[in-house]
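To start, the structure under review is shown below, and the notes come after it.
The values are calculated or read from the model by the stated rules, or taken from the named source; none is laboratory data. On a predicted model such as this, the values are computed, not experimentally measured, just so you know. In this analysis, Cβ positions are derived from the backbone assuming ideal geometry, glycine residues included, and neighbour counts consider all displayed protein chains. Calculation scope for accessible area: heavy atoms of the full protein, side chains included, ligands and nucleic acids excluded. Shrake-Rupley method; radii C 1.70, N 1.55, O 1.52, S 1.80 Å.
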Amino acid sequence: MKIDIKTGSYSEEELLIFPISVENLKELTGSDKIIKNVCRVRDSGDFKAKKDEAYCFLTDTTTNVKRVMLIGMGDAKSVDQELIRRAYSIAVKNAQKLKITDVATVVPSATMHG
């Protein structure tokens with residue numbers, strides 16, 4: 001899998017990796033179509049952002065991203081570099097199983113400890 005790092009908005013990716021803590025998931029709101037999709041998953045109870053939890057779903061056809069993979073980070077106060085590394089490891093392994101090579105990510109927002 002080739003990894004390119006760039007900033008800006010996501011567009012035309014096969015997969016958007018979305019690491020998120022329990023607190024950030026609970027507070028998530030917005031008008032962005034991807035955020036609305038994530039909120040629907042949250043509201044359904046299908047994903048709770050538990051540590052190492054992964055949930056992949058297809059988006060509707062009005063977004064630029066085909067799939068979103070939510071990766072649970074657990075409690076925000078527990079997020080550290082190792083947990084972030086593990087979250088991305090889980091995401092990459094799942095992407096490889098799905099034979100996905102074109103991914104983007106949302107950078108997790110949490111205070112870093114350790």
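Summary of computed values
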{"item": "Total residues in the range 29-76, condition in a loop (DSSP other than H, G, I, E, B) and of a type in the set (A, V, I, L, M)", "result": "3"}
{"item": "Count - residues of the range 43-87 that are among the hydroxyl-bearing types (S, T, Y) and buried (at least 17 other Cβ atoms within 10 Å of the Cβ)", "result": "3"}
{"item": "Qualifying residues in the range 99-114 (those that are modelled with pLDDT under 75 and open to solvent by 70 Å² or more (accessible area, probe 1.4 Å)) - the one nearest to E27 (Cα to Cα)", "result": "S109"}
{"item": "Every pair of residues 6+ apart whose Cβ atoms lie under 7 Å, when the first sits in the range 37-56 and is on the phi < 0 side of the Ramachandran plot while the second is surrounded by 15 or more Cβ atoms within 10 Å (Cβ to Cβ) and among the acidic types (D, E)", "result": "F47/E53"}
{"item": "D75 being more than 14 Å from L15 (Cα to Cα) and either in contact (Cβ under 8 Å) with a residue 24 or more places away in the chain or in contact with a Lys or Arg (Cβ under 9 Å, 6 or more places away or on another chain) (or both)", "result": "yes"}
{"item": "The lone exception for S78 - which of (1) at negative phi; (2) in contact with a helix residue (DSSP H, G or I) (Cβ under 9 Å, 6 or more places away or on another chain); (3) not acidic (D, E) it fails", "result": "(2)"}
